[in-house]
1. Multiply the residue separation of Thr137 and Asn193 by 0.36 nm, subtract the distance between their alpha-carbon atoms, and state the gained length in nm to one decimal.
2. So if I take the alpha carbon set of the chain, get Rg, then get Rh from the Kirkwood formula, what is the Rg over Rh ratio?
3. Given axes a ≥ b ≥ c from the Cα gyration tensor, I'd like to know whether the stretch 3-87 is rounded (a/c under 1.5), prolate (a/b larger than b/c) or oblate.
4. What is the antiparallel percent of DSSP beta bridges lying wholly in the chain, to the nearest 5?
5. Which loop trypsin sites (Lys or Arg not before Pro) in the stretch 9-69, with loop taken from DSSP, have no more than 15 other Cβ atoms within 10 angstrom of their Cβ?
6. Name the most mobile residue of Ala160, Ala95, Ala40, meaning the one with the largest mean-square fluctuation, in a Gaussian network model of the chain with Cα contacts below 10 Å.
7. Among the aspartates and glutamates, which fall within straight-line cross-link reach of Lys143, defined as a Cα-Cα distance under 19 Å, with same-chain neighbours fewer than 8 residues apart omitted?
Amino acid sequence: MQKVTEVTGTGLPLLIDDIDTDRIIPARYLRCVTFDGLGAHAFEDDRKQDSQHPFDAPKYRQASVLISGRNFGCGSSREHAPQALIRWGIKGIIAESFAEIFFGNCTTLGVPCVCASRADLESLSNLVAGDPDLWVTIDLEAKAVRAGSHTIPVTILESARSSLVTGRWDFLAQLLEGESQIQQSALAIPYMNGFTTPA
């Protein structure tokens with residue numbers, strides 16, 4: 001199983017409150033059969049309305065740590081929202097708070113979402129805006145975010161943090177890890193073994 005103990009990359013400041021999932025990925029893209037290609041449409045409508053949108057800025061194109069505001073991911077529960085962010089390149093999110101379902105969807109996809117104070121988010125956003133090449137690290141074991149010599153404390157629901165750092169967030173990996181036990185259990189189920197008695 002893949003453990004997620006930290007995420008490191010350059011940052012992308014988008015310090016706006018109440019960004020809902022329809023802004024992250026517009027509803028017209030919910031008809032897709034797979035999530036492939038969704039990254040190109042992340043914040044598409046916002047980007048059309050704002051020529052200076054950070055998701056269009058070349059200096060942030062390689063960013064993998066998103067910095068945002070309060071109630072990030074509110075609105076509908078669409079899994080397409082974190083999937084679009086992942087396919088754009090986002091691997092971790094720092095915000096003042098998160099909508100519960102969005103937070104859960106991110107956790108089950110291996111994307112840590114940590115909370116910081118508004119003052120710390122503002123200082124971190126300013127640091128990243130001043131130096132887009134600055135490395136930002138979300139450290140789940142230390143419950144901190146580091147950006148150069150700057151460190152801020154963060155919080156995360158303990159069940160989510162534990163799930164990520166142990167690798168238990170990846171349910172498919174858990175199934176594959178338990179393959180022998182699954183096969184043994186299947187042998188004990190009559191309709192799975194042709195109604196024969198296991199040896």
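Nothing in this text is a laboratory measurement; each read-out follows from the coordinates by a stated rule. Just so it is clear, the model here is predicted, and its values are computed rather than measured. Quick reminder, even Gly has a Cβ in these numbers, built from the backbone with ideal geometry, and neighbours come from all protein chains shown.
1. Values: separation 56, 0.36 × 56 = 20.16 nm, distance 5.02 nm.
That works out to 15.1 nm of additional length.
2. That ratio is 1.09, to two decimals.
3. Verdict is rounded for the stretch 3-87.
4. Values: 14 of 26 bridges.
Percentage antiparallel, nearest 5: 55.
5. On the way: sites: Arg23, Arg28, Arg31, Arg47, Lys48, Lys59, Arg61; in loops: Arg61.
Sparse-neighbourhood loop trypsin sites (Lys or Arg not before Pro): Arg61.
6. Ala40
7. Glu6, Glu96, Asp120, Glu122, Glu158
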